[in-house]
1. Under a crude label model (7 Å from the Cα following the beta-carbon direction), how far is residue 217 from residue 192 in nanometres?
2. Set the Förster distance to 25 Å, then compute FRET efficiency between residue 238 and residue 207 from the Cβ-Cβ distance, nearest 0.05.
3. Tally Lys/Arg at +1 and Asp/Glu at -1 over every other residue whose Cβ is under 11 Å from the Cβ of residue 87; what's the total?
4. Might you report the magnitude of the Cβ-based charge dipole of the chain about its Cα centre, with Lys and Arg at +1 and Asp and Glu at -1, to the nearest 20 debye?
5. Between residue 246 and residue 372, take the C-beta separation as r, use R0 = 30 Å, and let me know the FRET efficiency to the nearest 0.05.
6. Count charges around residue 159 for me, please; just the other residues with Cβ under 11 Å from its Cβ, Lys/Arg as +1, Asp/Glu as -1.
7. Per residue, how large is the accessible surface of region 297-358? Use a 1.4 angstrom probe and give square angstrom.
8. State the answer as a single residue: which of 59, 369, 335 lies farthest towards the positive end of the charge dipole of the chain, with beta carbon charges of +1 for Lys and Arg and -1 for Asp and Glu, about the Cα centre.
Amino acid sequence: MIQVREVRTQKEQKIFAVFHEKMYRDVPGAIPELIADEMDNFNPQKNPAYDFCQVKQWIAWQDGVPVGRVAGIINQAANEKWGTRRVRFTRLDFKDDPEISRALLEAVEEWGRSQGLAEIHGPIGFCDMDQEGMLVEGFEEEGMLITIHNAPYYPAHMETLGYRKDVDWLEFQIRVPRDKMEKMQRLQERVLQRYHLRLLEPHSKRELRPYVLKAFDLLDRTYQNLYGTVPLTAGLVRKYYQQFMLLIHPAYVKLILDEEGCLVGLGMAAPSVSRAVKKSRGRLLPWGWLRLLRALYGKNPVLDLYLVGVVPEYQKKGLTAVLLHSMTEEARRRGFQVAETGPELETNTQVQSLWKYYEARQHRRRRCWIKEL
């Protein structure tokens, strides 16, 4: 018999946080969350998103053993921004048993109904900087630290339970070119000259630090119309600043400044830490820190392309190509073999049209599901 109980104790919180890593420990491509970050994500004292979110977590138990988990989020800021009445689900994991998946999602659904909401959608987290999208293609591919891994049977469970596609994200793997891309170099020079812009390529965190908070403001403006986004509060900026500073390698951060020195474009990549986090089982102690540093500063064949953002007034003017080319050149000079993109909305043709200049393949697809309550 399956019992679904709300998480209430610190012990249950730890079980919830480590569930994914334990479930997928023997799956090579499944990259766990950083456990410490996950504990903080569901701590009202440490996650400023609780200022505008109601949150509940549940664990499914069978014979005293945890067999599934899910969290529900009522994001009031998102509902107000988008004019919706939705509850979100996130951190959904379950053994291949329809009774478990049904019981977990029904817990979130019933909570949503009790709050007068009309729809449930997910997986989607607290904001756009959090996890989103269930894997529906590319299960055999190695994931990224910022993405979700799930077993191939998940989508079938969702369809059986009456969920349908709301939106998809695509992910691409790009072969890093061995030779300099002369055509992209000429395009970069033309764009910068035409709009009187300057490409800044920081060499140290000290040189980068003055632009970090400005970067979050840029991302807030850039992504404001993307699916499910909410404005980044000052508290959220501080939270994600602390988390991202661990992964930032200045060599892979590219900035575009206008004539007044204002930040108008940002590209951020980093050597992949996926295998380091996998080997450390999502833990930073005792050796996780060392493995992360080796991945970031040692020899590494894989570069993760985390994000590219351009302020609205400069979009569709070639700045995205400038940023991608600059990161590509850095990867080429440093001997990377492939680059992995983060999730891109399938409607983001502006970025996806640039992959025609590279040897690229779309190798993962993930989905946000929706259902009327």
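The values are calculated or read from the model by the stated rules, or taken from the named source; none is laboratory data. Computed from a predicted model, the values in this text were never measured in an experiment. Backbone-built Cβ (ideal geometry, glycine too); neighbour counts: all protein chains shown. Surface areas here come from the heavy atoms of the whole protein model, side chains and all, with no ligands, DNA or RNA. Shrake-Rupley method; radii C 1.70, N 1.55, O 1.52, S 1.80 Å.
1. Result for the modelled spin labels: 2.4 nm.
2. Values: r = 21 Å, r/R0 = 0.84.
Efficiency, from the Cβ-Cβ distance: 0.75.
3. Values: positive: 56, 85, 86, 88, 113, 371; negative: 109, 110, 119.
Net charge around residue 87: +3.
4. The dipole magnitude comes to about 1040 debye.
5. On the way: r = 40 Å, r/R0 = 1.34.
It comes out at approximately 0.15.
6. Details: positive: 164, 165, 367, 371; negative: none.
It works out to a net charge of +4.
7. On the way: 2690 Å² over 62 residues.
Spelled out: the 1.4 Å probe surface of region 297-358, per residue, equals 43 Å².
8. Towards the positive end, the residue furthest out is 335.
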